[in-house]
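Step one of this worksheet: look at the structure below.
The values are calculated or read from the model by the stated rules, or taken from the named source; none is laboratory data. As the structure is a prediction and not an experimental result, all values here were calculated from the model. Because the Cβ atoms are built from the backbone with ideal geometry, glycine has one as well, and the counts that use them run over all protein chains shown. Just the protein is used for accessible areas: all its heavy atoms, side chains included, with ligands, DNA and RNA removed. Shrake-Rupley method; radii C 1.70, N 1.55, O 1.52, S 1.80 Å.
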Amino acid sequence: MQLLVLLYMVIRKYYMKNKVNADAKCNFKNRSNGSDIDLSKKIEFLFDEKKTYAYKGDNLASALYASGRRVFSRSFKYHRPRGLLCVGGNCPNCLVTVNGVPNVKACEKPVEMEMVVTSQNSWPSLNTDFFSIFDKMGWLMPVGFYYKFFHTPRILWTIASKIIRRIAGLGSISNSFIDKGKYQHSNKHSDVVVIGGGPAGMSAALSAAKYGAEVTLVEKSNYLGGHLRWNRPTEINKIPELDLSITTKLVSFLSAEINKSKLIQVMNNASVFGDYENNLLGILKEKSFIKLRAKTVIFATGSHELPSTFENNDLPGIMLCSAIQKLIRLYGITPCKRAVIFGSSNFIYETALDLNDIGVENITIVDQRKSIEVDIELLDEAKARKIEILFEYTVLKGVGGSDIKGCIVAPLDDFNKSKRIACDLLAISGGFQSNFGLLQQAGFKFRFDSKLDQFIPSGEVKGVFHAGRVSGSESVELDILSGRKAAMEAVLFAGFEVPHVENRQKEIEQLIENNKETSLKEDLNLENKLKQTGKSFICYCEDVLVKDVKTAIHEGYSDIETLKRYTTVTMGPCQGEMCQNTFAKACSIATNVDVDTVGLTTRRPPLIPVPLRAIANPINLVSHATSMDRMHRKSNAYMVDIGSWQRPLHYGDPVKEALSVRNKVGIIDVSTLGKLDIQGVDSGMFLDKLYTHRYSNLKQAKIRYGILCADNGTIMDDGTVTKLNDQHYFVTTSTSGIESIEQWFKWWKVSMKQSVYITNVTSAFSAINIAGPDARNTLAKLTDIKLDTNRFPYMTSIQGKVAEIDVLLLRVGFVGEVGWEIHFPSEYGEYMWDALLSAGKEFDITPFGVEAQRILRLEKHHIIPNQDTDILSTPLNSGAEWAVKFDKDDFIGKQALVFDKNKGLDSLLVGFIMEDQKIPDDGDPVIMDGKPIGKVTSARNSPVFGKGFGLVSLPISFAKEDTPIFIRVNGENLPARVVTSPLYDPQGEKLKL
Ligand code: FES
């Protein structure tokens with residue numbers, strides 16, 4: 001039996017691999033020349049195990065559509081079949097898994113040889129999806145159904161959430177998938193950055209360069225030209241300095257000018273995903289993550305077409321007009337045999353003529369407008385070609401299943417006179433919406449322009465400008481002129497000179513005024529359609545219907561932000577690109593509030609999905625080596641990355657290393673500690689303000705532990721402060737904190753206007769910590785400095801010589817033994833390391849790594865910021881209230897800490913020791929009465945006590961000596977008890993020996 005099954009699977013696999021994907025209606029062979037494809041180069045790839053063909057230049061969407069595929073995915077909730085809609089990377093309908101990477105937009109992914117593509121969110125197959133039963137069970141899943149049901153008994157939600165997650169959703173990542181690709185990180189600068197390579201962006205880039213600015217033109221596709229590449233060519237009105245009369249020549253003309261300019265750098269295939277403070281742009285370009293800083297930015301991000309609202313508006317075969325133009329012009333595809341084209345703008349006539357040009361004769365235009373509102377030339381042309389036109393008609397319903405078969409249309413004033421028109425393509429155009437996401441992040445406000453029927457930016461933001469369709473332009477002339485205007489404003493802002501600036505400004509503004517055109521018209525029928533009860537989708541990504549929005553409003557969610565969270569509209573993969581506009585209009589109609597007041601939801605970065613691996617672990621991460629790095633490697637140290645440094649984790653046996661420090665003597669390279677040299681008459685006062693402790697009263701040569709807090713009282717970093725003299729302090733910080741702490745110090749220095757000089761000496765000085773009962777004997781062999789505790793007590797410093805080298809010796813005790821930090825010029829790193837090892841040979845000295853250090857410090861309950869603290873940790877709930885001097889006039893975080901202190905603590909970081917031999921992991925939860933109440937921040941096995949122990953954050957009522965707790969370790973609740981004092985040398989006597 002098993003053999004038979006195996007045989008069947010092998011045959012099936014062979015059959016599927018060799019079956020060509022050709023459910024063809026529009027045959028693959030019928031391709032004509034598209035601007036993006038090369039018909040002489042054929043490519044083969046697999047889609048759902050079937051062999052499929054493409055031409056070089058095809059993306060997955062065009063190749064699959066050309067092969068006859070109409071269903072590309074299954075919808076999020078109802079598992080309805082979905083086909084191509086926008087072919088512009090905006091909608092969720094063509095998401096597929098490519099070579100193991102889920103949720104790739106087929107319309108943006110170029111086909112590559114032997115690509116393995118699979119469909120998502122269906123079972124057992126895309127064409128036959130058993131879960132499509134949910135399409136018939138919509139009554140069981142009203143809006144917000146998971147809030148309404150599954151709450152009693154509570155276990156119900158645990159079960160239901162697992163089922164819902166399995167059934168609904170997008171693609172899933174396979175456990176075995178490993179993406180080995182690494183991202184190159186880089187920083188770039190530019191005078192002017194223009195985002196968007198359409199006519200407005202190209203015009204802006206050329207104008208800015210003409211005034212002498214260095215320009216970076218960022219374009220998300222491989223080509224410049226934007227919508228001009230697929231739109232029907234039109235005539236251009238006369239524009240100064242542009243001697244062209246037709247749009248077809250415009251792209252090649254502007255591209256050639258840009259290529260000629262030495263000041264313009266074009267960044268193709270690059271998507272800006274975030275606009276951060278001070279014109280810092282986050283950009284993803286293939287396998288690169290680029291941080292681009294600009295003096296000024298021009299957004300020419302264009303606009304995108306929107307779908308219309310009617311019953312079954314999501315059927316495969318219903319496509320935006322711009323999508324059809326792309327299939328025709330870019331990919332040489334004839335998309336249908338019989339088309340209905342629906343909308344309220346001249347754009348539907350242009351699409352009809354485009355289809356007719358390539359041989360589609362059977363076309364009906366359903367125009368919601370009166371005939372007199374139509375461009376007369378387009379109308380005459382359509383009539384001349386015998387295209388049927390229904391004026392003041394609307395589409396009520398799409399008809400079909402996994403493919404469109406026709407649509408029901410009716411006069412706007414009488415839905416009862418409806419009729420059915422057969423078609424295999426329903427082209428729709430529900431208007432346009434500016435691509436405003438980045439502008440919103442840049443700080444622009446938006447107003448709803450009822451004439452343009454879309455939200456457009458209003459007001460000003462310093463150093464940021466916009467042009468073209470994103471600003472509400474509707475013509476090529478306006479694109480070009482607004483690009484020039486934005487460029488002029490941008491270069492002026494960036495400090496460049498514009499000759500005769502006032503005249504030029506006036507001239508452009510006048511031209512812009514002359515070129516303003518009649519706007520596109522809104523969906524006249526939206527209000528009536530909102531009354532329909534069928535499946536009319538507002539949000540394609542989240543499968544949210546018009547009636548869902550109405551129900552949610554009826555249930556009290558009338559504000560756009562709460563409505564968004566309740567219905568999940570705008571929360572899908574397109575982040576509202578396709579639904580934001582209709583959503584706001586539907587809310588406006590349902591609540592009787594104007595669209596402007598309804599407003600927009602917020603779009604935060606990242607605007608597009610950014611793989612975590614693009615940001616983390618870059619290929620060119622700067623890795624610092626200490627001056628003793630070579631010695632560690634010679635001793636076979638196991639090196640790890642800590643912050644941006646390479647450090648020895650251990651030299652083979654961390655437990656032995658820790659015991660050696662406890663019983664004999666050990667040395668550790670601590671050069672990676674951040675080091676700041678603070679000088680100036682106000683240094684003491686300055687440190688008093690930044691740290692919670694007090695330093696102005698510190699005696700010369702004394703050392704004091706310090707905690708740095710943010711304004712809200714949470715811990716940023718810790719370290720030591722040594723007073724070298726009244727105007728000179730030496731500060732150490734954590735290894736990973738130094739860069740941000742240096743910035744923090746400098747920011748406060750500027751704000752406080754104090755006489756303080758801050759120098760980062762982290763790399764200039766290396767440091768070794770020598771610790772253990774024989775540390776003094778070892779060090780004494782290399783120095784004349786008196787090391788006995790009377791002359792060199794704990795938490796003091798002396799400057800002198802060790803092994804003939806000038807050093808700063810700090811007597812500190814992070815690992816809990818008598819010891820010194822030796823700070824010295826980095827060029828002597830290897831020499832000093834060797835000298836200490838030689839001197840300590842007779843005491844059996846051992847180098848120890850970070851792991852042994854972590855064990856030893858944990859036995860002393862010494863915290864490591866960001867390991868034992870999180871974004872809610874303060875000195876108070878971390879058990880370090882002793883380091884906060886509330887009697888100081890002021891320090892950063894004081895107000896918040898005073899408030900916390902008066903309120904009383906909710907939680908506290910304390911120690912614990914396990915009752916049995918098992919050791920928890922960092923982060924394991926503390927479970928009481930079946931509920932998590934706290935978490936282990938650090939845990940290790942103590943070589944001294946032979947038990948698991950560590951630090952744990954607990955509710956204050958549990959943070960008492962000997963309180964029994966249970967820690968969940970590998971699914972088992974194991975007993976432990978609270979210890980409030982350090983496990984090792986609780987009185988700190990050994991440190992003072
Ligand atoms: S259509 Fe994508 S979030 Fe609504």
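Any chance you could run the full-extension gain for GLU555 through VAL640? It's 0.36 nm times the residue separation minus the Cα-Cα distance, nm to one decimal.
My answer for the length gained is 25.0 nm.
For LEU396, list long-range residues whose amide hydrogen, built 1.01 Å from N in the peptide plane, is under 5 Å from its own amide hydrogen.
ILE408, VAL409, ALA410
Relative to the first principal axis of the alpha-carbon coordinates of the chain, what is the inclination of helix 738-752, with its axis defined by its Cα atoms, in degrees from 0 to 90 and to the nearest 10?
So the inclination is approximately 90 degrees.
What pairs from LYS105/LYS285; LYS105/LYS397; LYS699/LYS901; LYS326/LYS585; LYS370/LYS535 go past 19 Å between their alpha carbons?
With Cα atoms farther than 19 Å apart: LYS105/LYS397; LYS699/LYS901; LYS326/LYS585; LYS370/LYS535.
If exposed means no more than 12 neighbouring beta carbons inside 10 Å and the site is in a DSSP loop, what's the longest run of the chain without any exposed GluC sites (Glu not before Pro)?
518-803
Once Lys and Arg get +1 and Asp and Glu get -1 on their Cβ, which of ALA384, PHE891, LEU327 lies farthest toward the positive end of the dipole of the chain?
Checked the options; the winner is LEU327.
Quote the accessible area belonging to HIS650 in square angstrom, nearest 10, computed with a 1.4 Å probe and with ligands, DNA and RNA left uncounted.
Estimated to the nearest 10 Å², HIS650 gives 40 Å².
Hey, with R₀ at 22 Å, roughly what FRET efficiency would LYS337 and SER371 work out to, going by the Cβ-Cβ distance, to 0.05?
Computed FRET efficiency for LYS337 and SER371 comes out at 0.25.
Please give the calculated 222 nm ellipticity per residue for the chain, where each DSSP H segment of at least 4 residues contributes -39500 (n - 2.57) and the sum is spread over every residue; nearest 500 deg cm²/dmol?
-7500 deg cm²/dmol
Calculated FRET efficiency, ILE163 and SER186, Cβ-Cβ r, R0 41 Å, to nearest 0.05?
The computed FRET efficiency comes out at 0.35.
For the range 51-56, in order, what is each residue's ³J(HN,Hα) by Karplus, 6.51 cos²θ - 1.76 cosθ + 1.60 with θ = phi - 60°, in whole Hz (x at glycine and Pro)?
5, 9, 10, 9, 9, 4
If you place +1 on the Cβ of every Lys and Arg and -1 on the Cβ of every Asp and Glu, how big does the dipole about the Cα centre of the chain come out, in debye to the nearest 20?
2020
Give the carbon-plus-sulfur fraction of the accessible surface of the range 17-140 in %, rounded to a whole number; probe 1.4 Å, heavy atoms of protein chains only.
53
Of all DSSP beta bridges in the chain, what percent run antiparallel (nearest 5)?
Just about 75 percent of them are antiparallel.
Rounded, prolate or oblate: which fits the range 73-171 when a ≥ b ≥ c are the square roots of the eigenvalues of the alpha-carbon gyration tensor, with rounded for a/c under 1.5 and prolate only if a/b beats b/c?
It comes out prolate by the Cα gyration axes.
Please identify the trypsin sites (Lys or Arg not before Pro) of the range 290-346 that satisfy two criteria: DSSP loop assignment and at most 15 other Cβ atoms within 10 Å. Which are they?
LYS337
Binning at 20 angstrom from zero up to the longest distance, how are the C-alpha pair distances of the chain distributed in percent?
11, 33, 30, 21, 4, 0
Work from the charge dipole of the chain (Cβ charges, +1 for Lys and Arg, -1 for Asp and Glu, about the Cα centre) and give the residue of PHE912, TYR831, PHE131 farthest towards its positive end.
Comparing the listed Cα positions along the dipole, PHE131 ranks first.
For the range 713-821, which trypsin sites (Lys or Arg not before Pro) are in a loop by DSSP, counting at most 10 other Cβ atoms within 10 Å?
LYS753, ARG791
Each residue of the range 409-418 in order: what ³J(HN,Hα) in whole Hz does its phi give by Karplus 6.51 cos²θ - 1.76 cosθ + 1.60, θ = phi - 60°, with x for Gly and Pro?
Running phi through 6.51 cos²θ - 1.76 cosθ + 1.60 with θ = phi - 60° gives 10, 7, x, 4, 8, 7, 5, 6, 8, 6 Hz.
Could you tell me which residue out of SER957, ILE967, VAL979 lies farthest along the dipole of the range 932-993 toward its positive end? Charges go on the beta carbon: Lys and Arg +1, Asp and Glu -1, centred on the Cα centre.
Ranked along the dipole, the leading option is ILE967.
Select from the range 913-988 those chymotrypsin sites (Phe, Trp or Tyr not before Pro) which occupy a DSSP coil region and have at most 16 other Cβ atoms within 10 Å, ordered by residue number.
Loop-located and lightly packed - PHE945.
Given a Förster radius of 60 Å and the C-beta distance between LEU905 and VAL501 as r, what FRET efficiency does 1/(1 + (r/R0)^6) yield to the nearest 0.05?
Efficiency at R0 = 60 Å is approximately 0.45.
Measuring from centroid to centroid over Cα atoms, what is the spacing of the range 560-638 and the range 849-901 in Å?
31
Given LYS249/LYS462; LYS749/LYS903; LYS182/LYS564; LYS136/LYS405; LYS56/LYS337; LYS50/LYS337, which pairs have Cα atoms separated by over 30 Å?
LYS249/LYS462; LYS749/LYS903; LYS182/LYS564
Amide H to amide H under 5 Å from THR937: which residues, 5+ apart in sequence or cross-chain, H placed 1.01 Å off N in plane?
It is GLY923, LEU951, VAL952, SER953, by chain and number.
Once label points are set 7 Å from the Cα along Cα→Cβ at both GLN987 and ALA256, what is their separation, rounded to one decimal in nm?
9.2
Sort out for me the Cα centre separation of the range 710-763 from the range 461-482, rounded to whole Å.
Using only Cα atoms to place each centre, the spacing works out to 46 Å.
What nm distance separates the two modelled labels at GLN743 and ASP870, each placed 7 Å from Cα along Cα→Cβ?
For the pair GLN743/ASP870, the computed spacing is 2.4 nm.
Considering amide H positions built from the backbone, and no H for Pro or chain starts, which residues 5 or more places from ILE965, or on another chain, come under 5 Å of its amide H?
ALA976, ARG977, VAL978
Mind listing the phi-derived Karplus ³J(HN,Hα) values for the range 830-835, rounded to whole Hz, using 6.51, -1.76 and 1.60 with θ = phi - 60°, and x for any glycine or proline?
5, 4, 5, 4, 5, 4
So how much slack lies between ASP380 and GLN727, counting 0.36 nm per residue of separation and subtracting their Cα-Cα distance, in nm?
116.2 nm
Extension gain ASN99-PHE149, at 0.36 nm per residue separation less the Cα-Cα distance, in nm?
14.2 nm
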